[in-house]
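Colleague: Structure provided below as structure tokens; questions to follow.
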Amino acid sequence: MTAMKGPAIFLAQFMGDSAPFDTLEGLAKWAADLGYVGIQIPCDSRLIDLKRAAESQDYCDDLKGMLARHGIEPTELSTHLQGQLVAVHPAYDTLFDGFAPPELRGKPVERQAWAVEQVKLAARASARLGLSAHATFSGALAWPYVYPWPQRPAGLVEEAFAELARRWIPILDVFEEAGVDCAYEIHPGEDIHDGATWERFLDAVGGHPRARILFDPSHYVLQQLDYLDFIDRYHDRISCFHVKDAEFNPTGRSGVYGGYQSWVDRAGRFRSLGDGQVDFVGIFSKMAQYGYSGWAVLEWECALKHPEDGAREGAPFIRDHIIRLTEHAFDDFAASGVDRGAIRAVLGLSAE
């Protein structure tokens, strides 16, 4: 029996203007030809009509049927861009405007309302597609103050997370109604970017049962965070898994903060699977140990390698790391076969 499903691939980095990358069916066939059996689908109008998917079972059945003809399943929907817009500090308004429809740019209040509705639609669409989890970002209000200089005024972080919770609890309630987990990618640039901030958010939303984690070790490498210990601590909340590699090679010139350099020149940078430093043997073992039954999804980002090469190499890499769970203990062959009476005798106890 195999608890974890895969290999699957996140389509966001592969969408394009030319075939086969310009349609969902083209991407599905491309992924299947590379050996993938699942795709994580961004909620982008070029790939999915989100409102229609939220309202029409026929539409969702047709979409799943089309994918099935290519041997592909949808793993999760993704609202990373929309989730980011649920909470945006004004310093980032201009940069994040590109994530919203043109008519909402320069209108942060309307943009935020649109983003909230999009994520709610994704919850309902996920349910119609028969999916158990959804991938997103939390957004950020406190990120400009991540380093404690200038000194943060008392209460700033607490109020930021209280407001983040106020915005997300109604969304999480929709996920609860839909029976779908809302998995936040723990990611620098988001207010939820490590274990400490995850705990703060989870407390702020009252331990909401649908508040979950998208585990991606690459972001922990860049923060110098122990990703295996993270699994030990938070495995009961992990609902999604991005299989993504990274490396961290600090020098006397540059470290965690990167010196405003391009990705290729940073001490911490993302790499194609197998080219970085992530201990995937350890990760897949931990996930198997704790019974993770979701999908293993390649998210490809690399400062060096061509994306199509990274995608081609990713499917066999994930497939070879997924652990088929054993159905019996490895030492069953040495079972003594003694009964309870014999066991009591071994212990020096009298028969009952």
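Colleague: Taking a quarter of the surface of the convex hull around the Cα atoms of segment 114-160, what do you get in nm²?
Modeller: 4.6 nm²
Colleague: I'd like the Karplus ³J(HN,Hα) series for segment 118-133: coefficients 6.51, -1.76, 1.60, θ = phi - 60°, whole numbers in Hz, and an x wherever there's a Gly or Pro.
Modeller: 4, 5, 5, 4, 5, 4, 6, 5, 4, 4, 5, 7, x, 8, 9, 9
Colleague: Here is a further query. Within a Cβ distance under 13 Å of ARG233, other residues only, what is the Lys/Arg minus Asp/Glu net charge? Let's see the in-between values first.
Modeller: Details: positive: ARG237, LYS286; negative: ASP194, GLU199, ASP226, ASP229, ASP232, ASP236.
Surrounding charge for ARG233 is -4.
Colleague: Give the percent of DSSP beta bridges with both residues in the chain that are antiparallel, rounded to the nearest 5. All intermediate terms of the calculation are to be shown ahead of the outcome.
Modeller: Details: 4 of 31 bridges.
Rounded to the nearest five, the antiparallel share is 15 percent.
Colleague: What percent of all Cα-Cα pairs in segment 198-332 falls into each 10 Å bin, going from 0 up to the bin containing the maximum distance?
Modeller: Distribution as computed: 11, 36, 32, 17, 3, 0 percent.
Colleague: I would also like to ask the following. Using the heavy atoms of the protein chains alone and a 1.4 angstrom probe, what is the accessible area of the chain per residue in square angstrom?
Modeller: About 48 Å² of surface per residue is accessible.
Colleague: If you roll a 1.4 angstrom probe over the protein chains with everything in place, what fraction of the accessible area of the chain belongs to carbon and sulfur, to the nearest %?
Modeller: 52 percent
Colleague: Per residue of segment 195-208, in order, report the coupling 6.51 cos²θ - 1.76 cosθ + 1.60 (Karplus, θ = phi - 60°) as ³J(HN,Hα) in whole Hz, putting x for Gly and Pro.
Modeller: x, 4, 6, 4, 4, 5, 5, 4, 5, 5, 9, x, x, 3
Colleague: Relative contact order, percent, of the chain when contacts are C-alpha pairs under 8 Å separated by at least 6 residues?
Modeller: Once normalised by length, the contact order is 18 percent.
Colleague: For segment 256-352, just list the percent of Cα-Cα distances falling in each 5 Å bin from zero outward, please.
Modeller: 2, 10, 14, 13, 12, 10, 8, 6, 5, 5, 4, 4, 4, 3, 1
Colleague: Let me ask another. Can you give the convex hull volume per residue for the Cα atoms of segment 7-131, as a whole number of Å³?
Modeller: Values: hull volume 13.1 nm³, N = 125.
In segment 7-131, the Cα hull volume divided by residue count equals 105 Å³.
Colleague: Quick one: divide the alpha-carbon radius of gyration of the chain by 2.2 N^0.38 Å and tell me what you get.
Modeller: Rg over 2.2 N^0.38 Å, computed on Cα atoms: 1.10.
Colleague: Here's something else I'd like to know. What number do you get for segment 161-221 when its Cα radius of gyration is normalised by 2.2 N^0.38 Å, N = residues?
Modeller: Its radius of gyration relative to the 2.2 N^0.38 Å reference: 1.09.
Colleague: Which of the trypsin sites (Lys or Arg not before Pro) across segment 145-210 are loop residues per DSSP, with 16 or fewer other Cβ within 10 Å?
Modeller: Values: sites: ARG166, ARG167, ARG200, ARG210; in loops: ARG210.
Passing sites in segment 145-210 do not exist.
Colleague: While we're looking at this one, here's another question. Tell me which lysines have Cα within less than 21 Å of LYS107's Cα, excluding those fewer than 8 residues away on the same chain?
Modeller: LYS120
Colleague: Sequence gap at least 6, Cα distance under 8 Å: using those rules, report the relative contact order of segment 1-150 to the nearest whole percent.
Modeller: Averaging sequence separation for qualifying contacts and normalising by length gives 25 percent for segment 1-150.
Colleague: A further question follows. If you take every residue apart from VAL243 with its C-beta less than 9 Å away from the C-beta of VAL243, what net charge results, scoring Lys and Arg +1 and Asp and Glu -1?
Modeller: Charge balance near VAL243 sits at -2.
Colleague: Given R₀ = 45 Å, FRET efficiency for ALA19-TRP149 by Cβ-Cβ distance, to 0.05?
Modeller: That gives a FRET efficiency of 0.35.
Colleague: So what J values fall out for segment 171-179 if you push phi through Karplus, 6.51 cos²θ - 1.76 cosθ + 1.60 with θ = phi - 60°, rounded to Hz, Gly and Pro as x?
Modeller: Per-residue couplings from phi come out as 5, 4, 5, 5, 4, 4, 4, 7, x Hz.
The values are calculated or read from the model by the stated rules, or taken from the named source; none is laboratory data. In this text the structure is predicted, and so the values were computed from the model without any measurement. Reconstructed Cβ throughout: ideal geometry from the backbone, glycine too, with neighbour counts over all protein chains shown. Heads up: the accessible areas ignore ligands, DNA and RNA and are worked out on the full protein's heavy atoms, side chains in. Shrake-Rupley method; radii C 1.70, N 1.55, O 1.52, S 1.80 Å.
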